[in-house]
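Worksheet: one structure, shown below.
Every number here is computed from the coordinates shown, using simple stated rules; none is lab data. Remember, it's a predicted structure, so these values are computed and weren't measured experimentally. FYI the Cβ positions are ideal-geometry reconstructions off the backbone, even for glycines, and counts take in every protein chain you see.
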Amino acid sequence: MSIDEKLNRYFAGSVVRKDLVKKVKGNAIVPTYVLEYLLGQYCATDDEETILNGVESVKEILKKHYVHRNEAELVKSHIKEKGRYKIIDKVSVELNEKRDVYFASFANLGIKDVIISSDVIKKHPKLLVGGVWCIVTLEYIFNEDAQSSPWIMSSIKPIQMSYFDIEQFLEARDNFEKDEWIDALIQSIGFEPSQFSFRNKMFQLTRLIPYCERNYNLIELGPKGTGKSHIYTEFSPHGILISGGEVTVAKLFVNNRTGKLGLVGYWDCVAFDEFAGKEKKVDKALVDIMKNYMANKSFSRGIETLGAEASMSFVGNTKNTVAYMLKHSDLFEELPDKFHDSAFLDRLHFFIPGWEVDIIRAEMFTSGYGFVVDYIAEVLRHFRNEDFSNLYQEYFELSNDISTRDKDAINKTFSGLMKIIYPNGKAEKEQIEELLQFAIEGRKRVKDQLHKIDKTYAPTKFYYKDLSSGKEIFIKTLEEEQYPNYYSGLDYKQENQEKVESKPKIPIEQLKEQHLSFKENQKGITYEKLFKDYIKDASKITITDPYIRIFFQIRNLMEFILMVIDSKDDDKIVDIHLITIENDQDPKMQLDYFEQIQKSVQNAGVNFTWEFDKSKTIHARSIVTDSGWKIILDRGLDIYQHYDMNNIFDIANKLQQFRGCKGFEITYVKLPNH
């Protein structure tokens, strides 16, 4: 059963086809969760006819009731002439102390001073901070009293779910395997899972932790266009995105003059957009209060101490490459000076390496089903009351070298990921270890940079112990594996202990038998570095790989042959023979590509031939040379993640070292009698 079928069977009424949002949005400037709320009312099904009718219904609702700013006067006229009219708009409320009443204002309609009852405010306090999208019925009754507004609010309904059944949710979750559930969540965010590696899926899910974990502090820095702010604007009615330059103490925490509570008192997640920028001016008093809040979950109003539960997310752009930042400064180099402060940075629980996250492309959006976002938003909110941070302690123990603050950060990330992926709290040991390693890496990224910024922070050995075997497993960040020469301050030995994964020094300086492992998302890996030294003396190379069938796989083969051509002497002839399996779907296309390669490389001194394994039983992938080497590849030549093959201006299209790798292993074996 497909993921779409499972979602519709076990979560009937709570899922919607994600491509429908684009069909109904038109030029309405509203968050995705508003549109999906409406779609959920009419299109929560896999029946095509019902979906088509539902889409038309939602379009009609938006056409009639969504307020476009340039049509505000027309809508006002509708209300006046009809006496009563329903609208969809963003509503904000303020208390008028002089008259002791609450007044509502409408962002697009452009009216204000609409009286709203105290009961509504008690029920929906977020109306007071930042505004909420609502379905409102307005009336117009003219009154000659200049003090009185003709606008009367007869009903208001914030666009968010009012109730869901947690037991039903947990029971339905049990019908999904781990990878199926992760893919269902990725589709719910709006992305196509097949376009993402497992590690990149984990980064997407980490962005959700602030919604399910109280007082969680997350930072993501990376290139533009990776969707860093999407989660905080489109995904949940419980989060708010503000510009980093708009933050004040009064807006964020409390206005000491009026006593009005700020954003942290009302929202589950407060996200700071455009947080990076060295030139930005920042109020030091704000930073000091933020440091106290991020560490102690509290802030002061005069002599009174107040607590809050809002998580904080900081997203910003980087300008330089990872290698440049590591060599010349640190990974936080783009932050304003007041935030480039070790005490502030030490409060961060996890650092998402935005340079690993793919730039969003059109094909990365899904047309599959996912949860209606206000449904999954309520699920995540429910889990803010739960604590899963100790669930790994049955199997693993964090090192005593890790400080209490580091452990708190690791525990909160682990807890958040458990809630998202295993909401029933049940997972196998290997699955728990996977999340623990990921959580440790994200905190280690923060701590390692702190050591570069402030030498009073000693290098920390980030490892944990497997309680059943006693082994100590050390964690490294991917950039530490990738740029060991630039990664300073981590000069500790790890003899006789198991590493999570090891990265070789490339290129290989001398030919030897060895086994190498490469991490997912690792860059700088090329066919030349992997194979050149082992095939340069060969006159015959045999490639066995059952998966050289479709375009991108055959393109990988062509790139390997080009590497051979570039490595050999001009006067040398090399025979390359491929053993693979015929493409059942389109054998003509496969054969055509092979013939094109054969003709193309003949003039370059390569004789390319192939044969199809008729038994269709070969599975192992290898490269064997007549110079005495067998190279065993667990993924064959298919070691690279998705990149835009159609974009001739994409550097990853031309240079392999700029592509992210899939996790893979390679073994070099010396053949006997050579």
| task | Among Leu286, His65, Tyr643, pick out the residue whose Cα is farthest towards the positive end of the charge dipole of the chain, where Lys and Arg carry +1 and Asp and Glu carry -1 on C-beta, about the Cα centre. | result | Leu286
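Quick check of the Kirkwood formula: for the chain, what is the inverse mean of 1/r over all pairs of different Cα atoms, in Å?
Values: mean 1/r = 0.0354 Å⁻¹.
Result for the chain stands at 28.2 Å.
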| task | In nm, give the distance between the simple-model label positions of Ile651 and Asp586, each being 7 Å from the Cα along the Cα-to-Cβ direction. | result | 3.1 nm
| note | The whole-number value in µm²/s of the Stokes-Einstein translational diffusion coefficient for the range 193-312, with Rh from the Kirkwood sum over alpha carbon pairs at 10 °C and 1.306 mPa s, is 103 µm²/s
| said: Can you find, among Leu38, Thr137, Phe106, the residue sitting farthest towards the positive end of the charge dipole of the range 1-152, where Lys and Arg contribute +1 and Asp and Glu -1 at Cβ? | reply: Phe106
| request: Using only Cα atoms, find the angle between the long axis of helix 72-82 and the longest principal axis of the chain, and express it within 0 to 90 degrees, rounded to the nearest 10. | output: 50 degrees
| query | Among Asn200, Gly227, Ser329, which residue has its Cα positioned farthest towards the positive end of the charge dipole of the chain, with +1 placed on the Cβ of Lys and Arg, -1 on the Cβ of Asp and Glu, and the dipole taken about the Cα centre? | reply | Ser329
| remark: Of the listed pairs Lys429/Lys471; Lys6/Lys429; Lys122/Lys419; Lys280/Lys447; Lys338/Lys419, those with alpha carbons more than 22 Å apart are Lys6/Lys429; Lys122/Lys419; Lys280/Lys447; Lys338/Lys419
| message | How large is the Rg to Rh ratio of the range 540-674 when both quantities use alpha carbon positions and Rh follows Kirkwood? | response | 0.95
| Those lysines that a straight Cα-Cα span of less than 28 Å connects to Lys82, excepting residues fewer than 8 apart in one chain | Lys25, Lys59, Lys63, Lys64, Lys90, Lys112, Lys157
| note | Taking Cα atoms, the helix 32-42 axis meets the longest principal axis of the chain at an angle in degrees (rounded to 10) of 80 degrees
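Classify the range 1-81 as rounded, prolate or oblate from the Cα gyration tensor: take a ≥ b ≥ c as the square roots of its eigenvalues, call it rounded if a/c is under 1.5, otherwise prolate when a/b beats b/c and oblate if not.
Details: a/c = 3.20, a/b = 2.65, b/c = 1.20.
Note, shape of the range 1-81 comes out prolate.
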| query | Helix 373-382 sits at what angle to the longest principal axis of the chain, using alpha carbons and giving 0 to 90 degrees rounded to 10? | reply | 90 degrees
| task | At a Cα cut-off below 18 Å, give the aspartates and glutamates reachable from Lys178, other chains included and same-chain residues fewer than 8 away excluded. | result | Asp4, Glu5, Glu192, Glu428, Glu430, Glu433, Glu434
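Is the shape of the range 42-178 best called rounded, prolate or oblate, per the rule: a/c under 1.5 gives rounded, else a/b larger than b/c gives prolate, else oblate, with a ≥ b ≥ c the square roots of the Cα gyration tensor eigenvalues? The partial results should precede the final answer.
On the way: a/c = 3.16, a/b = 1.58, b/c = 2.00.
Oblate is the answer for the range 42-178, as a/c is 1.5 or above yet b/c matches or exceeds a/b.
What's the FRET efficiency of Ile115 with His382 using the Cβ-Cβ distance as r and R₀ = 35 Å, to the nearest 0.05? Before the final figure, lay out each step's value.
Values: r = 34 Å, r/R0 = 0.96.
Result of the calculation: an efficiency of 0.55.
From the convex hull of the Cα coordinates of the range 376-451, what is the mean projected area in square nanometres?
Numbers: hull surface 21.9 nm².
Result: 5.5 nm².
What is the magnitude of the charge dipole of the range 307-411 about its Cα centre, with +1 placed on the Cβ of each Lys and Arg, -1 on the Cβ of each Asp and Glu, and no other charges, expressed in debye to the nearest 20?
280 debye
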| MRE, 222 nm, helices only [DSSP H, n ≥ 4, -39500 (n - 2.57), over the chain, to nearest 500] | -10000 deg cm²/dmol
| note | Magnitude of the Cβ-charge dipole (Lys and Arg +1, Asp and Glu -1) of the range 12-60 about the Cα centre, nearest 20 debye, reported as 320 debye
| Mean shadow of the range 524-615, computed from the convex hull of its alpha carbons, in nm²? | 6.1 nm²
